[in-house]
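Working notes, beginning with the structure itself.
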Ligand code: ASP
């Protein structure tokens, strides 16, 4: 059996042990473990990295703890506008959706854009029409209502901060997964509700191939989380791949350089998960914490939250 690896994240930011309860921590840990297990079992059966990252991200989208799918944050207007993307590293095929309303699993629709349309990125009403044409499941606004997210929006409204100051505790809860399968193929997927209190039509890095998500069998698979405007400007995911391809850096060197030096110099907070074609992995962030986990065929299984 060839080696295989999966890594996931549930967002980065100011996640402090001092402001966490045991119950909350256990809930996060078990949701991360469940998503990791879902993806890992797919890889163990010899299925594709693409199937594994999609399934792991769907598991996190269905969990209200994370800012994607069911737990997506509220926009300034009290709506949910979700972004997602997926990419495979063998042929560099990719699909993405932006500004999506009411679609239960945006990452699943991103995969359908990749496989059933001639496009890479579809947005808003057009993407929703495309979803309907393929009988993709939709949910009502009630499904996406999470009290804690609504309270976060109300606090943001009261503080008068309209733009991108996120949740009060500055947490980016985007979810993502990267995987290497037994055939040596890499894949990455990312899904988000964006940032609390974002303006109508705002799109972050998550659905932008090369910024929030990238996969190339020659180098690595990357999924990002953080303040999207900075990740867009730094073209983070592709930059990691480029540093490996053109500068010969190792995965860890490339991730550290981009997240801890280049992003920090720009003022961009967040992190990423990445896997290379040899199964090396990196879970790198410049914030206080990042919900993260990885598991591989060699028996390594890690879930962590803080630095
Ligand atoms: N990167 C996402 C965005 O800017 C937010 C996050 O990672 O939580 O939309």
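Of the residues that make up region 174-192, is at least one within 16 Å of the ligand (Cβ to nearest atom), modelled with pLDDT under 95 and in contact with a helix residue (DSSP H, G or I) (Cβ under 8 Å, 6 or more places away or on another chain)? Looking through region 174-192, none of the residues is within 16 Å of the ligand (Cβ to nearest atom), modelled with pLDDT under 95 and in contact with a helix residue (DSSP H, G or I) (Cβ under 8 Å, 6 or more places away or on another chain).
Sort out which residues of region 15-61 are within 16 Å of the ligand (Cβ to nearest atom) and either out of contact with any helix residue (DSSP H, G or I) (no Cβ under 9 Å at 6 or more places or on another chain) or not in a helix (DSSP H, G or I) (or both), and write them in order of number. Those that are within 16 Å of the ligand (Cβ to nearest atom) and either out of contact with any helix residue (DSSP H, G or I) (no Cβ under 9 Å at 6 or more places or on another chain) or not in a helix (DSSP H, G or I) (or both): 15, 28.
Residue check: residue 237 meets all listed conditions (1) more than 10 Å from the ligand (Cβ to nearest atom); (2) farther than 28 Å from residue 51 by Cβ but one, namely (2). As for region 148-169, it holds no residue that is in contact with a helix residue (DSSP H, G or I) (Cβ under 7 Å, 6 or more places away or on another chain), modelled with pLDDT of 90 or more and within 24 Å of residue 211 (Cβ to Cβ). Looking across region 211-228, not a single residue is under 19 Å from residue 175 (Cβ atoms) and surrounded by fewer than 21 Cβ atoms within 10 Å (Cβ to Cβ). Looking only at region 66-90, residues that are over 13 Å from residue 146 (Cβ atoms) and in a loop (DSSP other than H, G, I, E, B) come to 7 in all.
For the criterion of being buried (at least 17 other Cβ atoms within 10 Å of the Cβ) and touching a residue at least 40 places away in the same chain (Cβ under 8 Å), residue 287 passes. Within the option set 243, 251, being over 19 Å from residue 174 (Cβ atoms) and crowded, with 23+ Cβ neighbours inside 10 Å holds for one residue only, 251. Of all the residues in region 76-107, those that are out of contact with any strand residue (DSSP E or B) (no Cβ under 9 Å at 6 or more places or on another chain) and in contact (Cβ under 8 Å) with a residue 12 or more places away in the chain number 4.
What's the number of the condition residue 12 fails, among (1) assigned to a strand (DSSP E or B); (2) modelled with pLDDT of 95 or more? Here residue 12 clears every test but (2). Among helices (runs of 4 or more DSSP H) entirely within region 222-281, having at least 2 residues that are under 19 Å from residue 5 (Cα atoms) singles out 236-247, 251-256.
Being in contact with a helix residue (DSSP H, G or I) (Cβ under 7 Å, 6 or more places away or on another chain) and away from the ligand (no atom under 14 Å from the Cβ) holds for only one residue in 255, 224, and it is 255. Among the candidates 218, 198, the residue that is farther than 23 Å from residue 144 by Cα and part of a loop (DSSP other than H, G, I, E, B) is uniquely 218.
The values are calculated or read from the model by the stated rules, or taken from the named source; none is laboratory data. Predicted, not measured: the structure shown is a model, and the values here were computed from it. Quick reminder, even Gly has a Cβ in these numbers, built from the backbone with ideal geometry, and neighbours come from all protein chains shown.
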